[in-house]
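Taken together, the values in this text are just the output of simple stated rules run on the coordinates, not laboratory data. These numbers come from a predicted model, not from an experiment. Neighbour counts are summed over all protein chains in view; Cβ atoms, including those assigned to glycine, are modelled from backbone coordinates with ideal geometry.
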Amino acid sequence: MPGAAQDPGRQMISAPYDTISLLYEFHNIKIPGSSDDHQPPRRRRPGRATFKNQLRVHHTAEDTWLWPPLRQRVTRPDEAAVLDAMEAEHARIEPLLSQLDALIAASGSAGLAETADALAQTLAAHMRHEEDQALPLVEAHLGAPGWAAFRKAVGKSQGLSGGAEFFPWMLDGASATASKQVLSVLPPPARLLCRAVWRPRYARTPRWNAASIRTAAERQAS
């Protein structure tokens, strides 16, 4: 999770998408029933469904409310090229996600590992590109007012039902300091809902083993 000084709007983009953890998450669903797949299918589906939905929300939000106003502010061809690349990368990810869904639904392993690997690698490369080149452009050209406008647009679009999934998922495994900062963007009634209803309900739903994913990611990073 990014540090406490980071704008919550940027955390909405970057916090859930640690690229090393993503690789492990996708590998955990590569081949249902294989020896390295420790969670039975009924325990994987909520995590996969949540991730898939939030990834699509994430890309739609950027394409609708972040990149267009940023495009109006950038001044150099190389900056515009970064935004072109963001949209093109989103377009490459969605077919891979749909293909993986279809293979999992078919309950067969042929092509599943290869598709999961391709999706993990494509998504990880995209997130590195976004963090390294696109988000600094947001900071430079839109700043805090731009992040605030983005948060407002996403919140209005998703409503309470969207927040009920997004915020507990985003804060899964976050520090107390980071959680407090992110929850500060919510109005008090929604903040109370998140603490009293959304997060406990999320915690009761079987999902991927986030702790083991983080441990594996830390081992690879060390």
From phi via Karplus (6.51, -1.76, 1.60), per-residue ³J(HN,Hα) for region 47-60 in Hz, x at Gly/Pro = x, 5, 5, 5, 4, 4, 5, 5, 5, 5, 4, 4, 5, 5
Within the under-9-Å Cβ sphere about His141, not counting His141, Lys/Arg +1 and Asp/Glu -1 give a net charge of -1
Under-5 Å amide H pairs with Asp172, H placed in peptide plane, nonlocal only = none
Most exposed first, judged by fewest Cβ atoms within 10 angstrom, Glu62, Glu87 run Glu87, Glu62
